[in-house]
Structures are given as structure tokens and as C-alpha cells.
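The values are calculated or read from the model by the stated rules, or taken from the named source; none is laboratory data. Quick caveat: nothing in here was measured; it's all calculated off a predicted structure. Every residue, glycine among them, receives a Cβ derived from its backbone with ideal geometry; neighbour counts consider all protein chains shown. When the accessible area is computed, the model is the full protein with side chains, heavy atoms only, and any ligands, DNA or RNA have been set aside. Shrake-Rupley method; radii C 1.70, N 1.55, O 1.52, S 1.80 Å.
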Amino acid sequence: MEYEIENHLASDFERQLFKASLYNLKDSGNPLRLNNFAYSLRELTRHFLERLAPDGEVRQAPWYRIHDPKKPEMITRTQRMQYAVHGWLVPEYVKSELGVDTEDIIKELNDGINRLSKFTHVNPSTFNCDDNTTKQLSNEILESVLSFFQLIDESRKRVEEAAFDCVDEEMVSSFYGTTFNEIDMLATHHEIECFIVSRMDKTGEDDGNFYMEADGEVHVRLQYGSDGDMRRGDGHEMHTSLPFTSTFTVSFKNEKGDLHLTDPNIEIDNSSFYE
């Protein structure tokens, strides 16, 4: 767990604080070892949550609501956890469309931090805890921290997969529901039979968008003459394939709190038809 958690920390300070908190557990002769661990690890969670969920970003998210009207600037720990996991995406969308259920793991980590807080106050019941109590609590908290980081990883993976799905759906809609001039100009009538994607990549990402590209071939039936001409044997048809390139922008940070395309573009190259 130590290695995996450390890989999710982003600065020398966070890593040093994490190692210092673990060092407290090894100080078996110190009756305050669990108290010191609890305090330092709780502070570590505060630091990485503020990094993953900055105040200004959380407040702008479409799902954010003021928790306490008397303290309108306050952001709860749960809200920071939600933002760290799914950003601007609304929780209902994350659960129903991405299949990521955040509730249990966020509650588990929240409960764990609350338990740590109890040990930061030294009193007879939290002082000089035995080995079993120290080992059990520290392992439970570290497992919760690791599960939370894994939830973030899984959510981000699902978001990227959903971006590819958005592109797939757009290509199906475009090829079977749009007239492309590059094909329309080649014959009296045409029919798109299928399209084959040979490459689909995420080419970039910024604060709110994925940038995607896809290449492939579109297979078409070209008909010369009317349907009546075809029945009389005066028409002609042929089958051919044409390459296409496409670019897409998938927004994951928007007022709707979902993933959707904002700038789809598909270009078909018909130059080979004239060769």
C-alpha cells in the first residue's frame, strides 16, 4: 500500500509527509505513535484533497451547492472528494452512464478521516494504544486512502472510454444520417453501406476537453440513373470505398455536467475516384 499510495502523491512535500506519518507507526516505544500518525495522515488527506479539488473549481461545478448558508464559502470534505473523482460531471451521470458508484468509497474515506480526528485529541482512551489497535486502524485508513485513489483512476479511465463512445456514436449518426457532398457529387444516387475505422486516438487534452482523431474507409454503392433506369437495365451501379479523416472535441467540463461532442468534423477524400 505504501508504494501505491506514494505513486499517487504529487509533490515532494506530500511524499515526505506520508513517509513521516508512517515513521510514527514504527516508533513503537512512543505512546503517542498512533496520535502522531493520525494527525499527520489527516493533514496529508487535507493537502491532497485541496490539490485535487481547488476551491474555485469546486464552486463552479454544476452539481455544487452551498452546504451551509451561514458559511457560503465553506466546501465540505465530501464535496472535495466528489470533485476529485468526477470533476464537473454530475454524480447521477457518473453512476448511470459511466458505471462508477462513488458513494461507498467516499463514505469509507470520510469515516476513516473522522476516526483519525478522534486520535488527534489526546485523552486516556486514545493515549498509548496497543499494537493491535494501532495496526488495525492504520491499515484500515491506508486501505481507504488507496481505494479512493483507485476510484479516481477508474473514474478517469471510464471518462476516456466514454469519450471514445461519443465519437463512435457521432460517426454512426453522421455516416448514416448525413449527406456528404464528396460522395453525393459522384453519382445520381448513393448509399453508404458501412464504414470501417482503422485508427482512433486521443491526441490531446486540456482543462475541459479531449481531442480525438479517427481515420478509416467508408464503403458506398454508387447508382447512375433512376431506380426506373435500373429496372429497365439502362442504369448502372458500382461499389467503391473512400478514405476519411475526422477530428472531434469531447467536452467533459461544461454546464450540463456530462460528456458531449462540441466540434465534430468528418472529411471524405474522393480524389482516388478520379484516378
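Can residue 185 be described as surrounded by 13 or more Cβ atoms within 10 Å (Cβ to Cβ) and farther than 30 Å from residue 41 by Cβ?
For residue 185, the condition - surrounded by 13 or more Cβ atoms within 10 Å (Cβ to Cβ) and farther than 30 Å from residue 41 by Cβ - is not met.
For the stretch 229-244, enumerate the residues that are open to solvent by 70 Å² or more (accessible area, probe 1.4 Å) and either touching a strand residue (DSSP E or B) at 6+ places or on another chain (Cβ under 6 Å) or within 22 Å of residue 215 (Cβ to Cβ) (or both).
If the condition is that a residue be open to solvent by 70 Å² or more (accessible area, probe 1.4 Å) and either touching a strand residue (DSSP E or B) at 6+ places or on another chain (Cβ under 6 Å) or within 22 Å of residue 215 (Cβ to Cβ) (or both), then 236, 237, 239 are the ones that fit.
Scan the stretch 252-266 for residues that are part of a loop (DSSP other than H, G, I, E, B), of a type outside the set (Val, Ile, Thr) and open to solvent by 50 Å² or more (accessible area, probe 1.4 Å) and jot them down.
Within the stretch 252-266, 255, 256, 263, 264 qualify.
Here is a check on your reading of the model: is residue 221 in a strand (DSSP E or B), open to solvent by 40 Å² or more (accessible area, probe 1.4 Å) and farther than 30 Å from residue 57 by Cα?
Here the answer is yes, as residue 221 does meet what is asked.
Working only within the stretch 90-104, note down all residues that are under 12 Å from the mean Cα position of the chain (by Cα), within 18 Å of residue 149 (Cβ to Cβ) and assigned to a loop (DSSP other than H, G, I, E, B).
Correct list: 98, 100.
Would you confirm, using the coordinates I've provided, whether residue 191 is without any contact (Cβ under 8 Å) to a residue 40 or more places away in the chain, within 29 Å of residue 160 (Cβ to Cβ), open to solvent by 60 Å² or more (accessible area, probe 1.4 Å) and outside any helix (DSSP H, G or I)?
Taking the combined requirement at face value, the residue does not satisfy it.
Pull up the stretch 6-36, narrow it to residues that are more than 30 Å from residue 86 (Cβ to Cβ) and in contact (Cβ under 8 Å) with a residue 24 or more places away in the chain, then point me to the one that is surrounded by the most Cβ atoms within 10 Å (Cβ to Cβ).
Per the stated criteria, the residue is 34.
Quick one: is residue 205 of a type in the set (Asp, Glu), under 30 Å from residue 89 (Cβ atoms) and in contact with a Phe, Trp or Tyr (Cβ under 8 Å, 6 or more places away or on another chain)?
The answer is yes for residue 205.
How many of the residues making up the stretch 9-38 are assigned to a loop (DSSP other than H, G, I, E, B), over 19 Å from residue 77 (Cβ atoms) and in contact with a Phe, Trp or Tyr (Cβ under 8 Å, 6 or more places away or on another chain)?
Residues flagged as assigned to a loop (DSSP other than H, G, I, E, B), over 19 Å from residue 77 (Cβ atoms) and in contact with a Phe, Trp or Tyr (Cβ under 8 Å, 6 or more places away or on another chain) within the stretch 9-38 amount to 2.
Restricting to the stretch 39-75, and then to whatever is assigned to a helix (DSSP H, G or I) and among the hydroxyl-bearing types (Ser, Thr, Tyr), can you tell me which residue is nearest to residue 22 (Cα to Cα)?
Ranking the qualifying residues of the stretch 39-75, first place goes to 40.
Confirm whether residue 61 is open to solvent by less than 20 Å² (accessible area, probe 1.4 Å), of a type outside the set (Asp, Glu) and more than 30 Å from residue 134 (Cα to Cα).
Criteria met by residue 61.
Quick test for you: out of 174, 138, pick the one residue that is in contact with a helix residue (DSSP H, G or I) (Cβ under 7 Å, 6 or more places away or on another chain), modelled with pLDDT of 90 or more and open to solvent by less than 60 Å² (accessible area, probe 1.4 Å).
None of the other options fit; the residue is 138.
Could you go through the stretch 151-172 and let me know if any residue there is in a helix (DSSP H, G or I), without any contact (Cβ under 8 Å) to a residue 60 or more places away in the chain and within 18 Å of residue 221 (Cα to Cα).
Yes, the stretch 151-172 contains at least one residue that is in a helix (DSSP H, G or I), without any contact (Cβ under 8 Å) to a residue 60 or more places away in the chain and within 18 Å of residue 221 (Cα to Cα).
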